[in-house]
1. Can you flag which of Lys22/Lys75; Lys20/Lys75; Lys11/Lys104 are past 27 Å Cα-Cα?
2. Using amide H atoms built in the peptide plane, which far-off residues or other-chain residues are under 5 Å from Val139 H to H?
3. Amide H to amide H under 5 Å from Val148: which residues, 5+ apart in sequence or cross-chain, H placed 1.01 Å off N in plane?
4. Roughly speaking, what is the stretch gain from Lys11 to Gln106, that is 0.36 nm per residue apart minus the C-alpha to C-alpha distance, in nm to one decimal?
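Here, each number is a calculation from the coordinates, and none is a lab measurement. Just so it is clear, the structure is predicted and the values come from calculations on it, not from any experiment.
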Amino acid sequence: MNLKEIKELIKVFNSSDLSKLKVENGDFGLTLEKGGVAVATAPVQAAPVQQVQASAPVEAPVAEAEKKVADNADKITSPMVGTFYRAPSPDSPPFVNVGDTVRKGQTLCILEAMKIMNELEAEFDCKILDILVEDGQPVEYDMPLFLVEKV
């Protein structure tokens, strides 16, 4: 399974009445539980196991970010549940600032999930119009992080 398929599966699971879902595809396995912990497993030589909380979303941060997103604007959303960091370390400059033009593949931020630091890269060339979350803020799956304009 690729990341896009996993994202869509999580989205469908969260909106369903199911409390548990287990998917196996070759060496890859994924178990999702509401009110519990979801664990993605892979063979030993692959990426480390990553755990994702699949409980009900936190309302306040999501609602605040949603209010700032215009209907016609492009947005970059979180591919996972985790903690948002603008810079690689507290004493480093942020990856991007409002007004910056970024290229496809350029790092926008870090999302920490279970002590694993995941770099979020731009999927297209764009200009950063607004950063919708604060440094160190918890984020939910599919929560808007950046308001952008494609260039």
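1. Lys22/Lys75; Lys20/Lys75
2. Here Gly82, Thr83, Phe84 satisfy the definition.
3. Asp74, Lys75, Ile76, Leu129
4. Value of the extension gain: 31.6 nm.
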